[in-house]
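Take a look at the structure set out below.
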Amino acid sequence: MHHERIEAAREITAGLIELEQQIDFAIISGGRLPGTMAQARLKARLPAATGQEAFLHAAKAFEMLVQARKHIVQAHASLAAAGDALSLPPAAYGDWHECPKPKAIDAGEPHLRLAVSQ
């Protein structure tokens, strides 16, 4: 029974890691698109309003990719917690650090703060 759980965990982990990587690749591509669009517009000497709606849609798609990344990271932490609860051994797939605990991922506080000198 324990062997079957470990095998199931390995399959889930492989799928999770693949999805995390694919989302990151999509974010990389999505981050390039607006710059490519702006550069092409300038090169073609088109009015600034050309493609504005497409920019808005591309920005929304990028935002959704970032949200997808947030949710898959949360799923990763939840799966790690489930593995701990089942006494399954942790798996490392190239990461340098341990998985953050679920509360540390999205504690509702901003991760960056404005530093103001007085």
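The values are calculated or read from the model by the stated rules, or taken from the named source; none is laboratory data. Because the structure is a prediction, the values reported are computed rather than measured. With ideal geometry, Cβ positions are generated from the backbone for all residues, glycine too; neighbour counts draw on all protein chains shown.
Here is a yes/no grid of residues against (1) loosely packed, with under 15 Cβ neighbours inside 10 Å; (2) assigned to a helix (DSSP H, G or I); (3) out of contact with any strand residue (DSSP E or B) (no Cβ under 8 Å at 6 or more places or on another chain):
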| position | (1), (2), (3) |
| --- | --- |
| SER29 | yes, yes, yes |
| LEU46 | yes, no, yes |
| PHE62 | no, yes, yes |
| SER78 | yes, yes, yes |
Fill in: Test result for GLY15, modelled with pLDDT under 95, in a helix (DSSP H, G or I) and exposed (fewer than 12 other Cβ atoms within 10 Å of the Cβ)
yes
